[in-house]
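Following: one structure in structure tokens, then a few remarks.
The values are calculated or read from the model by the stated rules, or taken from the named source; none is laboratory data. Every value quoted in this text rests on a predicted model; they were computed, and no experiment measured them. Glycine gets a Cβ as well: all are built from the backbone with ideal geometry, and neighbour counts include every protein chain shown. Calculation scope for accessible area: heavy atoms of the full protein, side chains included, ligands and nucleic acids excluded. Shrake-Rupley method; radii C 1.70, N 1.55, O 1.52, S 1.80 Å.
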Amino acid sequence: MWEPNDLERQRLEKLQRIRARGIDPYPHRTRRTHTVQAAVSAYVAAEAAAAPTGDEPERIPVTVCGRIVAHRPQGKSSWAHIEDGTGRVQVWIKEERVGEEAQELFNKDLDLFDFIEVSGTMMRTRRGEVTVLADDYRLLAKALSPLPVVKERRLEDGTVERYGGFTDAEERYRQRYADLAVNPQVREIFVIRARTVRAIRDFLDGEGFIEVETPILQPIYGGAAARPFITHHNQLDQDLYLRISFELYLKRLLVGMYDAVYEIGRDFRNEGVSRKHNPEFTQVEWYKAYIDYHQVMDITERLVAFVAQQVKGTTTITYQGHEIDLAPPWQRITLRDAILKFTGIDYRQYPDAPTLAAAMRERGKQPSPDSTWGKLVDSLLGSEVEPNLIQPTFVMDYPRDISPLAKMKPDDPTHVERFEFFIGGIEMGNAFTEINDPLDQEQRFLEMGRLYGADSEEGHPVDEDYLRAMRYGMPPNGGFGMGVDRLVMLLADQPNIREVLLFPHLRSRDEG
């Protein structure tokens, strides 16, 4: 139960006084005619129209609504700033216009963060600030808990320092609604996120892809190496899994004679959290018939450059102090050459896990004793190579035993036609030339089960229905998956995935 603190008790007392006046502090409807931005823009336009003749600007009557973000009661003539989702404007409350009772209410019983409606005319003060001169106002919602105030001060070097607000950074994520209310720069991150998703969709639609929806609840999970969340359908008495990937369902649609399909949606992986990982995350996956992973690379670099241009207005961005050029063409390097460049290890000279692990230990590394050869190679990529790949880079040709859905290279049965791409030292996405031979795919599923064990999250369950779909004939195709959250991190210049998720997953805290 809520136990009000001293400030909240004072606000509750004000709420009681407001109700005692016969005023509903939470009315059903508003009479808004303009957003704040529209009201200010209309007055500025009226000023511009009047300027050539020197006349007074046209009177602009408005009714605007917003949260009080500055409250300066001054007796019979008081000031405030209100803010809505479009901007901030000053309001001037004068007793001679609104009446003595309304002036007293404004001065004594309204607080920072209350929502009000103000009706009046637009003007500009002697100090040059566009202002609503109020004829009337109404309380729309009394805020019973004060928000954490964020203040600004200008330093000697001219920079602006923000202080106050949440003292516990994690509390920003737990109370994202309050974080958004007081931090406009946080709100801007999620505007960038919305524009990013829209730009991805616009690009793929323009390339002739069809957007589809596939099941979130699946009888067999697949398409990635990850531990799933398990749930239960009571009526069917059936365990189901939250999807870890869209892949196998999207490729079924190629069997059904769609040439190019994509989906943007949530995946769920029952794994740890980090600055780059959240248990539920947004992904875009697409699959296109009659192309291989080289052509997937061509589409990928055009997609990312297009999104950056749409969202940021340029393909040159800054991420964590690095200037990054997203314009094609991007660097392409094999996994073997990348690891050799940054570690000095040519992993092909060590054809099994024991010899490769020994070579890693000789260089001061501590490989996991139960890792397969492919997992050891992948660990070198993640720890030694990935942080150095700041400019956009495709890393190609991965070990077969960590890539159960990718076609083998024609001249090398130990490797597959797979790439990952990296920007800003972060792995952004994964793609293959996809297997379309059902017998090969079945063998690969069984091979992964033997290699990792039937219960290992690194293995891949055998999906008989997917194999049946393949047996009807699947065209050669290339597939692609990218974490949308990570792309937003890049475009918003944020180092932590929690900053680009409205409600990231956090460890439970005792609210008592």
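Ligands, DNA and RNA are left out, and with a 1.4 angstrom probe the accessible area of the range 217-309 is 43 Å² per residue.
Can you tally the net charge around L380? Count Lys and Arg as +1, Asp and Glu as -1, for every other residue whose Cβ sits under 14 Å from the Cβ of L380.
Details: positive: R336, K341, R348, R361, R363, K365, K375; negative: D337, D346, E362, D378, E384, E386, E420, E427.
Result for the local shell: -1.
Of the chymotrypsin sites (Phe, Trp or Tyr not before Pro) found in the range 282-348, those in coil by DSSP whose Cβ has at most 12 other Cβ atoms within 10 Å are Y290. Over the Cα atoms of the chain, the radius of gyration divided by the Kirkwood radius equals 1.08; this is the Rg/Rh ratio.
In debye, nearest 20, what is the charge dipole magnitude of the chain about its Cα centre with +1 on Lys and Arg Cβ and -1 on Asp and Glu Cβ, if you could check? It would help to have the intermediate numbers written out before the result.
Values: 65 positive and 82 negative charges, 300 e Å.
So the dipole magnitude of the chain works out to roughly 1440 debye.
Take peptides 44-53, 496-505, 421-430 and line them up by average Cβ neighbours within 10 Å, highest first, as a rough protection proxy.
421-430, 496-505, 44-53
Rounded to the nearest 20, the size of the Cβ-charge dipole of the range 226-278 about its Cα centre is 280 debye, with Lys and Arg at +1 and Asp and Glu at -1.
Between the Cα long axis of helix 438-452 and the first principal axis of the chain there is an angle of about 80°, rounded to the nearest 10. Solvent-accessible surface of the range 93-150, taken per residue with a 1.4 Å probe and all protein chains present: 44 Å².
Give me the dipole magnitude in Debye, nearest 20, for the range 44-152 about the Cα centre, with unit charges on the beta carbon: positive for Lys and Arg, negative for Asp and Glu.
Dipole of the range 44-152, to the nearest 20 debye: 340 debye.
Surface composition of the chain: carbon and sulfur atoms hold 49% of the protein heavy-atom accessible area at a 1.4 Å probe. Kindly identify the range 72-153 as rounded, prolate or oblate by the Cα gyration tensor criterion: order the square roots of the eigenvalues as a ≥ b ≥ c, call it rounded if a/c is under 1.5, otherwise compare a/b with b/c, prolate if a/b is larger, else oblate. Verdict is oblate for the range 72-153.
By the scheme Lys and Arg +1, Asp and Glu -1, what is the net charge of all other residues having a beta-carbon under 9 Å from that of P329?
Working: positive: R332; negative: D298, E301.
Neighbourhood net charge equals -1.
What Kirkwood hydrodynamic radius, in Å, does the range 1-156 give when the mean of 1/r is taken over all pairs of distinct Cα atoms and then inverted?
Numbers: mean 1/r = 0.0599 Å⁻¹.
It works out to 16.7 Å.
Residues in the range 354-371 carry Karplus couplings, in order, of x, 6, 5, 4, 5, 5, 5, 5, 4, 9, x, 9, 10, x, 5, x, 9, 6 Hz; the curve used is 6.51 cos²θ - 1.76 cosθ + 1.60 with θ = phi - 60°, and Gly or Pro positions show x.
Which whole-number value in Å² is the accessible area per residue of the range 457-502, probe 1.4 Å? Ligands and nucleic acids excluded, the result is 31 Å² per residue.
Counting Lys and Arg as +1 and Asp and Glu as -1, what is the net charge of the other residues whose Cβ lies under 15 Å from the Cβ of A50? Display every interim value, and only then the final one.
Details: positive: R59, R124; negative: E47, D55, E56, E58.
Surrounding charge for A50 is -2.
Estimated from helices alone, the mean residue ellipticity of the chain at 222 nm is -10000 deg cm²/dmol (sum of -39500 (n - 2.57) over DSSP H runs with n ≥ 4, per residue). Using the Cα coordinates of the range 261-308, the gyration tensor eigenvalues translate into equivalent-ellipsoid semi-axes of 26, 14, 10 Å, sorted from longest to shortest. Projecting the Cα atoms of Y173, N496, L140 onto the dipole axis of the chain, where Lys and Arg carry +1 and Asp and Glu carry -1 at the beta carbon, places L140 farthest toward the positive end. Under the combined filter of DSSP loop state and at most 12 neighbouring Cβ atoms within 10 Å, the range 15-124 retains none of its chymotrypsin sites (Phe, Trp or Tyr not before Pro). Along the charge dipole of the chain, which of G425, L112, V296 sits closest to the positive end, that is, farthest toward it, with unit charges on the beta carbon of Lys, Arg, Asp and Glu (+1, +1, -1, -1)? Highest projection toward the positive end goes to L112.
Each principal axis of the Cα cloud of the range 322-448 was taken in turn, and the coordinate range along them, longest first, works out to 46, 37, 22 Å.
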